[in-house]
Structure formats: structure tokens, C-alpha cells
1. Mind checking which residues of the stretch A:22-43 are in contact (Cβ under 8 Å) with a residue 24 or more places away in the chain and not aliphatic (A, V, I, L, M)?
2. Tell me, yes or no, whether the stretch B:135-155 has at least one residue that is part of a helix (DSSP H, G or I), closer than 30 Å to residue A:168 by Cβ and at pLDDT 95 or above.
3. Across the stretch A:34-53, what is the total count of residues that are surrounded by fewer than 19 Cβ atoms within 10 Å (Cβ to Cβ), among the charged types (D, E, K, R) and either closer than 15 Å to residue A:18 by Cα or at the interface with chain B (Cβ under 10 Å from one of its Cβ atoms) (or both)?
4. Out of all the residues in the stretch A:60-98, which are touching a Leu at 6+ places or on another chain (Cβ under 6 Å) and of a type in the set (Gly, Ala, Ser)?
5. Identify all residues within the stretch B:54-74 that are open to solvent by less than 60 Å² (accessible area, probe 1.4 Å), facing chain A (nearest Cβ under 8 Å) and aliphatic (A, V, I, L, M); write none if there are none.
6. Tell me which of these residue A:94 doesn't satisfy, since it passes every other one: (1) under 16 Å from the mean Cα position of the chain (by Cα); (2) buried (at least 22 other Cβ atoms within 10 Å of the Cβ); (3) within 17 Å of residue B:80 (Cβ to Cβ).
7. Please work out which residue is surrounded by the most Cβ atoms within 10 Å (Cβ to Cβ), limiting yourself to the stretch A:153-185 and to residues that are of a type in the set (Asp, Glu) and in contact (Cβ under 8 Å) with a residue 24 or more places away in the chain.
8. Could you say whether any residue in the stretch A:51-59 is part of a helix (DSSP H, G or I), modelled with pLDDT under 95 and of a type in the set (S, T, N, Q)?
Protein chains: 2
Amino acid sequence: MQRHFVQEIEGLKSNLIRMGSFAEQAIADSIRALLERDVDVARRVIEQDKQVDLFEILNDEAVVDLLALQQPVASDLRFILAASKINNDLERIGDHAVNIAESAIACIPLAPVPHIVDIPQMAQITKGMLRDSIDGFIHANAQVCRAVLQSDDLIDKLNKQTCAKLVELMRKDSASIEHALELIRVSRNLERVADLATNIAEEVIFATEAMVVKHHQADKGVSQ
Amino acid sequence: MQRHFVQEIEGLKSNLIRMGSFAEQAIADSIRALLERDVDVARRVIEQDKQVDLFEILNDEAVVDLLALQQPVASDLRFILAASKINNDLERIGDHAVNIAESAIACIPLAPVPHIVDIPQMAQITKGMLRDSIDGFIHANAQVCRAVLQSDDLIDKLNKQTCAKLVELMRKDSASIEHALELIRVSRNLERVADLATNIAEEVIFATEAMVVKHHQADKGVSQ
């Protein structure tokens, strides 16, 4: 029984690691599709999200099995509960990659807008946050996760800047409205991915230190 | 032990019911603040979200206690896992009410825009979805939850219509850009609340029928 338990826990861990890489790649590809106006890459992101959805269902089942059959306590229980939440967060990140890919497709027939936005930089930081939070999870490293919480503030700032610049552009040139709206959508989706990476980091800290760091800025709403 | 377990389960249930009413009221108030341009109501929504955040932490602790101390199986386990996810969904709904309240405040100094949008209707339907999904949870009624899944399609349609009308308005009248952008944000937040009510409905169906209905439209991303 004990060996079986360890195997099931390890299986859940590897599935989350693979799902994390998948989600990170989906974000990278959706941004590439946007920047290179590549409809094929965008469509592949949308198509491959079904794989992430399937991962989520399998992991949810593994969590129920582990809880029902093994009745874990203490740190094992905390690990399984954190895995369950991370599973849900990664699935949501996959959905945000789909949103960005949809915006990439919507932008292709539109006239290009000047390169005034910080979207590539935001994408870079966000992918790093996601990678660090998953690394923190694998190595039970709360320290690396605390750095993720700090990057979230930078992403919030960049998102606000980007949206303000795009509103300014819309005001100056009404022909750019549709394109600018799609870029605002992309910026907000990246900001949400950063929020979800932050959730993962918080859950890792909870699982490793059994300490609630959620709502570290209790008066901050999610951005949309 | 058994009586204690039943009491703890009932306590978790009542907390979620109260949290659900709180979230529903927050959505209603944030929309009222928008329509009546009432800064006090909007500020109250933002302030009271801390209460929802506190509920979430308390419920999370109750879930860990129940799993660790009572080691439930079968339908009790499914109920507790569903409660944990619903807890998270309700907290997110509170965050969306905060976003709408922030938009309400941002709109107050801006010139009004013509009443071309379906936001009050969207808010009405969304609140109904939230109420039904919580009712379905209380009475373990999967049927009422299935109706929630259907309303989600209507909200998606209304959101698209609303955004298209607002883009048209921006194009015609550049002075309306900022106001229209805030209304697009409100519309998308309501659409996300409807998605979360749909998640709750799916979780109730899972808890009552042990059947995965998630990803019933696997190729649909979250809207932002």
C-alpha cells in the first residue's frame, strides 16, 4: 500500500510538471502567433488546449483516488490539496493561451499598429513566473516562490501602462480601435496568467510551510 | 466523532451559502453603482470583498480539517472536494464584483454614453445563474444546475453583442472611448461570473452524480 501511494503521488507530480510545460509552451506560442501573425501556430494552441483539459480531468481523478483510498494526513494531505489547486490553475492558464491565440487570429486582417506596447516583455516575465512557480513546486522551494509574488506587481504595472498607451492610440487614430482592443485583451490575459502563477506560488508556500499567504494584498481585485 | 463530522459538514455548507449570498449581493451592488453612478455603493463593494476573502480562508481550513481528521470516503469526500472548489469560485466572483465596482468609479467623471448595451439584462441573468447553482448545491439538485449550463451560452452571446455595439460606438465617437472601454470590461467580468457560476453548477453535478461534465464545450476558452 505504501509503495503504491508513493507511486501515485509521483505520478500526480509528473503529470503536473508536464501540464505546466504544456501551459508555458501554449503561452509562448500564442504570443509568437500574435507577433509573427501566424494563423497556423494560433490554431495549434487552440487545438492543443484539449490536451490540457484532459490532463485536468485525469489529475482530478487521481486526487479523489488518493484521498479516498489512502486517507493521507499532514504533509501528504497538504501536497495533494495543493496539487488539486495547481491543476485547476494550469487549466485556466491554458484557457488564457487560447484567448491570446484567438486575439492573434483576429489581428491578422487588421492594419498593424505602431510598436508602442510592452507585450513581449510582459510575456517573458509571465513565462518566467510560471516556470519558477512550477520549479518551486517540484523542489518544494518556498523561496523561489516568494520571488514570483514580487514579479506580480511588476506585471500589474506593465499591464496598466500598456492599456493606457493603447487607449491613447485609439483616441488619436480611430482606425486602430479594433487592433488596440485585441492588444488590451492580450495584455489583460497575460496579467491573469501572472495572477494564476502567483496563486501556484502561494499554494506551494502553503504546501511547504503550511502558512496562508493568500490575499497578501487583500484589497487587490483580479484585473480584466 | 460522527456527530462532530455532521456538524462540521453543516458548518461548511452554511458558510458557503452565506458566501454565495454575499457574492450575489456584491454583483448586484456593483451593477447598481454603475447604473446610478454611486461612488459610495462602489466603495462598499470593494471594502466588503475582504469579508469574502476571509470566508475563503476559513472554508479552506475547514476542508483541510475535515479531510485530515475525519478521513471521509465516497459521497462525503465528493461533497468536501466540491465545497473546496465552490469556495474558490465564490472568492473569484467577489473579485469580479470588485472589478465592476472599480469600473463604476472610473465611469463617474466621464460623459454618459447612449443606452445601447445589455448590461442590466446580463447582470440579471448572471445573478440568477449564481443563485440557481448555489440552490442546486444546497438541495443536491443536479437538474437545476443543468439549466445553469444552458444560460451560459446566452451570456456569451450577450457579451459578444455588447462588445460589438461598444466598439461601433468608439468608432463613431472618439470621446466615448474611455467610457465604452469600461463597459466592455464590465461586460467581460459579468461573462466571467457566469462562467464561474457554470463551474459551480458542474461541481454540484459532479458531487451529486459523480459524473464529469466539465469541458462540455472543450474548445471554448474563457472570455476576457
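The values are calculated or read from the model by the stated rules, or taken from the named source; none is laboratory data. What you are looking at is a predicted structure, and each value in this text was computed from that prediction instead of being measured. A quick note on method: Cβ atoms are made from the backbone with ideal geometry, for glycine too, and the neighbour counts reach across all protein chains shown. These area figures cover heavy atoms from the full protein model, side chains too; ligands, DNA and RNA do not enter into them. Shrake-Rupley method; radii C 1.70, N 1.55, O 1.52, S 1.80 Å.
1. Once the filter is applied, which keeps residues that are in contact (Cβ under 8 Å) with a residue 24 or more places away in the chain and not aliphatic (A, V, I, L, M), the stretch A:22-43 yields A:22, A:24, A:29, A:30, A:37, A:38, A:43.
2. No, the stretch B:135-155 contains no residue that is part of a helix (DSSP H, G or I), closer than 30 Å to residue A:168 by Cβ and at pLDDT 95 or above.
3. Counting residues in the stretch A:34-53 that are surrounded by fewer than 19 Cβ atoms within 10 Å (Cβ to Cβ), among the charged types (D, E, K, R) and either closer than 15 Å to residue A:18 by Cα or at the interface with chain B (Cβ under 10 Å from one of its Cβ atoms) (or both) gives 3.
4. Residues satisfying the conditions are A:62, A:68, A:83.
5. B:57, B:63, B:64, B:67, B:68
6. (3)
7. My answer is A:182.
8. Our first condition is that a residue be part of a helix (DSSP H, G or I); within the stretch A:51-59, this holds for A:51-59.
Add one more test, that the residue is modelled with pLDDT under 95, and what stays is A:51-59.
Of the ones still in play, those that are also of a type in the set (S, T, N, Q) are A:51, A:59.
Within the stretch A:51-59, one or more residues are part of a helix (DSSP H, G or I), modelled with pLDDT under 95 and of a type in the set (S, T, N, Q).
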